[in-house]
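Asker: Dropping the structure in here first, questions after.
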Amino acid sequence: MLPVAQWAVDPIPCSETRAIVSRSPTAAVMVGSPEEYRWVDRALSDLYRQNIVRALVVLEEFTGRGSQAKRAEVVAKKLGGAFTKWQYRKELDKGIAFMEARRA
């Protein structure tokens, strides 16, 4: 083991103050996500059950990084096939329309 450089050390002593939280997928709901945001999870789950491609595109659009062409490549890797930027945009439009309809 090597010693840590002085510049990389926090000079203020502190202690862990976070409560231990479960790593389960429902942990966000259990700790009290606001109801106004839970609809997003439910709507995305419904979209995933109806159309996996569209759900992956919507999820990648709002959580991914890079241009739409790069995000289309990420979706293509997840699907294991070819997926163009134009297909990505078409599926995104339909996915956003679905999410907006669920919000209303």
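The values are calculated or read from the model by the stated rules, or taken from the named source; none is laboratory data. Not measured: the values here are computed from a predicted model. For neighbour counting, all protein chains shown are included, and Cβ atoms are generated from backbone atoms with ideal geometry for every residue, glycine included. Side chains are part of the model used for accessible areas, which takes the heavy atoms of the whole protein and leaves out ligands, DNA and RNA. Shrake-Rupley method; radii C 1.70, N 1.55, O 1.52, S 1.80 Å.
Asker: For the stretch 58-104, give me the residue count where each residue is over 13 Å from Val40 (Cα atoms), in contact with a Phe, Trp or Tyr (Cβ under 7 Å, 6 or more places away or on another chain) and in contact (Cβ under 8 Å) with a residue 12 or more places away in the chain.
Answerer: Result for the stretch 58-104: 4.
Asker: Further question on the same structure: Could you list, in sequence order, all residues of the stretch 83-97 that are open to solvent by 100 Å² or more (accessible area, probe 1.4 Å) and over 12 Å from Ala55 (Cα atoms)?
Answerer: Listed by number, the residues that qualify are Trp86, Lys90.
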